[in-house]
1. Within the range 1-78, considering only helices (runs of 4 or more DSSP H) that don't extend past its boundaries, which have at least 1 residues that are crowded, with 16+ Cβ neighbours inside 10 Å, in contact with a strand residue (DSSP E or B) (Cβ under 7 Å, 6 or more places away or on another chain) and in the same structural domain as residue 142 (by TED's automatic domain parsing)?
2. Against the definition (part of a loop (DSSP other than H, G, I, E, B), buried (at least 24 other Cβ atoms within 10 Å of the Cβ) and assigned by TED's automatic domain parsing to the domain that holds residue 320), how does residue 86 come out, yes or no?
3. May I ask you to say which residue of 242, 234 is at pLDDT 95 or above and not in a loop (DSSP other than H, G, I, E, B)?
4. Can you work out which of the residues in the range 245-276 that are over 28 Å from the mean Cα position of the chain (by Cα) and assigned to a strand (DSSP E or B) is surrounded by the fewest Cβ atoms within 10 Å (Cβ to Cβ)?
5. Determine whether residue 144 is over 15 Å from the mean Cα position of the chain (by Cα) and farther than 18 Å from residue 336 by Cβ.
6. Does at least one position in the range 168-179 carry a residue that is more than 23 Å from residue 107 (Cβ to Cβ), at pLDDT 95 or above and not in a strand (DSSP E or B)?
């Protein structure tokens, strides 16, 4: 950690913490990140970094320019908060009712700004693009950012996420497939309502919904190769109005998580077949509506090698965590990697000796030492990637 403290001194560390806490106090959900964007713009002005605002509505992109015909490396941070009521009791808790930075995006912004501060004082021999992106949690703000040209000229991109399953001072890396497809679905059941005392005159939408929940799980346990991770979760059911009336309608909403395209298509096909067969069995109308989500993050081999090398050099092999399996969470950083080679990493933010709340929990918090580690790591990673790309041009 001594080498990290040389890269990120106490003054810079305190500056980063102030930024993180200011953003945490005033969380803004997808495409409403106006104050967050203003804070980022002010910080970039303070660092003397030229930038543009209003990209994909609320995004901000800064750039350090070293010249033409040199490598260009991008760093990305997401900006949006979640519609979660905070329960941390932190002195800098959310002051916005019903909104909270429960996924560490406030920390991601501070990390990239910290890296920008380091690189602006001692620029690398390449260009650096700092991407601050809205709407990661909901609509996939990466797509509109790419459409507006933020990757133009970029040779490699890196991003990261604070992860409380790892301790501060650790970095998690995974080659290849790192996250999952995040498809959502809705199933609408229309039966025939009636009196609870005369079920034979009805088509019970609640019973059908219950059967659907159980049968969907059979897809995972009996139709999918167990060597391929897959999950079907029904997280929402709504049906009925009173206790003595058989419901005519029911709505189920859920998510499908897979890491392989063929398995994904197989799961979707099985859901369609199950809904069709149950519809026929009960003489009910059942609609299955698929809402495609994010594709998986797939780390490019060379970029992963750069990321791993820098982690081992900066933090040591003992603090470089090689993640063995893909996670089934989603991340719209995947869209950047469909366009440009890059790698997505995990910054340890867990606090030793404390039970750490998971992401999206109203009690989520992280060890702010992750800010120092993240900024030092990203700055060194940019320098290393520029150096390696220059030698192969």
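1. Filter on the range 1-78 gives 34-47.
2. yes
3. 234
4. 245
5. So residue 144 does not fit the description; no.
6. Yes, that holds for at least one residue.
Matching residues to (1) surrounded by 15 or more Cβ atoms within 10 Å (Cβ to Cβ); (2) assigned by TED's automatic domain parsing to the domain that holds residue 266; (3) assigned to a loop (DSSP other than H, G, I, E, B):
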{"position": "152", "(1), (2), (3)": "no, no, yes"}
{"position": "159", "(1), (2), (3)": "yes, no, no"}
{"position": "186", "(1), (2), (3)": "no, yes, no"}
{"position": "214", "(1), (2), (3)": "no, yes, no"}
{"position": "220", "(1), (2), (3)": "yes, yes, no"}
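For every residue, the table says whether it meets (1) in contact with a strand residue (DSSP E or B) (Cβ under 8 Å, 6 or more places away or on another chain); (2) part of a helix (DSSP H, G or I); (3) surrounded by 21 or more Cβ atoms within 10 Å (Cβ to Cβ); (4) in the same structural domain as residue 57 (by TED's automatic domain parsing).
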| site | (1), (2), (3), (4) |
| --- | --- |
| 108 | yes, yes, yes, yes |
| 111 | yes, yes, yes, yes |
| 119 | yes, yes, yes, yes |
| 132 | yes, no, yes, yes |
| 139 | no, no, no, yes |
| 143 | no, yes, no, yes |
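The values are calculated or read from the model by the stated rules, or taken from the named source; none is laboratory data. What you are looking at is a predicted structure, and each value in this text was computed from that prediction instead of being measured. Here the Cβ is made from the backbone with ideal geometry for all residues, glycine too, and neighbour counts use every protein chain on show.
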